[in-house]
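S.K.: Here it is, the structure in full.
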Amino acid sequence: MEDWAEIRRLHRAEAMPIKAIARRLGISKNTVRRALSAAEPPVYRRPAHGSIVDAVDPQIRALLKEFPEMPATVIAERIGWERSLTVLKDRVRALRPVFRPVDPASRTVYQPGELAQCDLWFPPVDVPLGAGQVGRPPVLVLVSGYSRWLTARMLPSRQAQDLFAGHWELLSGLGAAPRSLVWDNESAVGQWRGGRPQLTAAANAFRGMLGIGIIQCRPADPEAKGLVERANGYLETSFLPGRSFTCPADFNTQLTQWLVRANQRRHRAIECRPVDRLETDRAAMLPLPPVAPQVGWSTWVRLPRDHYVRLAGNDYSVHPSVIGRKVHVTAGLEHIQIRCGDVLVAQHERCWATHQTVTDPEHARAAAALRSERLRITPPPAATEVQQRPLTDYDRLFGLDVDQAEGVA
């Protein structure tokens, strides 16, 4: 290598003729000529020797042409191979791609506004729910495919009413709706039956009101929504450590503050921050409907005498003035309202604990006043005269002589 470099230097830099270079370096003129004509440095190459597998190479090719996935051990048996399996496996490994059908993998590319992946994340931390109860409520996580914008919120339950109310809140915060939402087989969204996805009535109603689609992944296919699965892991390893929570509202407050910073980090896959792509992503999404869709809990009941209604396992008081009348119970993620016609007769904060009775003090006072008023105006029951039967009637009933009975007496 050094002689080759020196020959070229002497010839190019010092314009020394071939004969002088050969005389100076003590080499032949042909060696100098080969060094000057070579386009690259000389490399030592050992002459190739044949392999013991060369003799059976045509047989291997014939078998792989007909059966591209045939194992090397079976090929060895078919061709009567009795020597080392290592060299045979190396040859089969080198030849197999030639006969295997080409299966190129397409690179996943997300278009602006195209879709967002959704999932429920159950954080491994106990959150106080009130009434001495703790739990691990689900967190709805949504990741936009193009911008990788991450948003999330803890929900009271995974029921359809709370799930789609959470969806609407996240999309309202985003200010637009992706053209499709990607979900797995969440029971409130739908299930695969008979080889095809079947969405629930609540999912169809929600997507119809927004004019979007819901793509349901096949069972046991987490790779189909890898973006949100990685986001769940990111939340667990970057958001939870070192934090404690006093209630679900505190959890959501801390989560919202953390998401602002998370969406400003540089994302390795897109080589920029999610916030840098957000406007382009949002501009290609569908606008939200001018009227908010009907999401959350909604039911009609006739108010019983105890003036309480039950919702999601808890009882809430209602003003007793509408006892016996139908009331409309609606609830979102934070509040519950009861109306009788157009009149608001009760409003409570949503209770995240279960089997609780929530009473408005005003309702209790009104019920006590109505009970005392009813007792005051209700007249006491009238005295009832009871007829007293003469004893002689019993004597006649048993066939006794009244006069004789009196004489004996």
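The values are calculated or read from the model by the stated rules, or taken from the named source; none is laboratory data. Keep in mind the model is a prediction, meaning the values are calculated, not measured. Please note: Cβ atoms are built from the backbone with ideal geometry, for glycine as well, and neighbour counts cover all protein chains shown.
S.K.: Return the pair list, or none, for Cβ contacts closer than 8 Å from residues in segment 278-289 that are of a type in the set (S, T, N, Q) to residues that are surrounded by 12 or more Cβ atoms within 10 Å (Cβ to Cβ), at least 6 apart or on different chains.
M.R.: Pairs found: THR280/PRO112; THR280/TYR146; THR280/SER147.
S.K.: Which ones in segment 262-283 are more than 23 Å from the chain's Cα centre (by Cα) and among the small types (Gly, Ala, Ser)?
M.R.: ALA283, the sole residue that qualifies.
S.K.: Name the residue that is surrounded by the fewest Cβ atoms within 10 Å (Cβ to Cβ), counting only residues in segment 274-309 that are farther than 30 Å from LEU210 by Cα and charged (D, E, K, R).
M.R.: ARG305
S.K.: Give me the strands (runs of 3 or more DSSP E) completely within segment 274-352, filtered to those with at least 3 residues that are closer than 30 Å to PRO112 by Cα, ordered by residue number.
M.R.: Correct list: empty, since no element meets the threshold.
S.K.: Further, regarding this structure: Out of all the residues in segment 106-140, which are in contact with a Leu (Cβ under 8 Å, 6 or more places away or on another chain) and hydrophobic (A, V, I, L, M, F, W, C)?
M.R.: Answer for segment 106-140, where residues must be in contact with a Leu (Cβ under 8 Å, 6 or more places away or on another chain) and hydrophobic (A, V, I, L, M, F, W, C): LEU115, ALA116, CYS118, LEU120, TRP121, VAL125, VAL139, LEU140.
S.K.: Filter segment 162-191 down to residues that are part of a strand (DSSP E or B) and farther than 18 Å from ARG148 by Cα and give me whichever is modelled with the highest pLDDT.
M.R.: Out of the qualifying residues, it is GLY190.
S.K.: Next question, about the same structure. Which of the helices (runs of 4 or more DSSP H) contained wholly in segment 1-58 include at least 2 residues that are in contact with a Ser or Thr (Cβ under 9 Å, 6 or more places away or on another chain) and over 27 Å from THR86 (Cβ atoms)?
M.R.: 2-12, 18-25
S.K.: Return a yes/no flag: does segment 192-205 have any residue that is in contact with an Asp or Glu (Cβ under 8 Å, 6 or more places away or on another chain), assigned to a loop (DSSP other than H, G, I, E, B), surrounded by 15 or more Cβ atoms within 10 Å (Cβ to Cβ) and in the same structural domain as VAL275 (by TED's automatic domain parsing).
M.R.: No, segment 192-205 has no match at all.
S.K.: Then there's this: Here are some residues: VAL87, VAL109. Which one is among the aliphatic types (A, V, I, L, M), outside the structural domain of GLY213 (by TED's automatic domain parsing) and more than 26 Å from the chain's Cα centre (by Cα)?
M.R.: VAL87
S.K.: OK, next. Determine if segment 187-196 includes at least one residue that is under 26 Å from VAL275 (Cβ atoms) and among the β-branched types (Val, Ile, Thr).
M.R.: No - not one qualifying residue is present in segment 187-196.
S.K.: Does segment 180-187 contain any residue that is farther than 22 Å from ILE336 by Cα, of a type in the set (Gly, Ala, Ser) and buried (at least 20 other Cβ atoms within 10 Å of the Cβ)?
M.R.: No, segment 180-187 contains no residue that is farther than 22 Å from ILE336 by Cα, of a type in the set (Gly, Ala, Ser) and buried (at least 20 other Cβ atoms within 10 Å of the Cβ).
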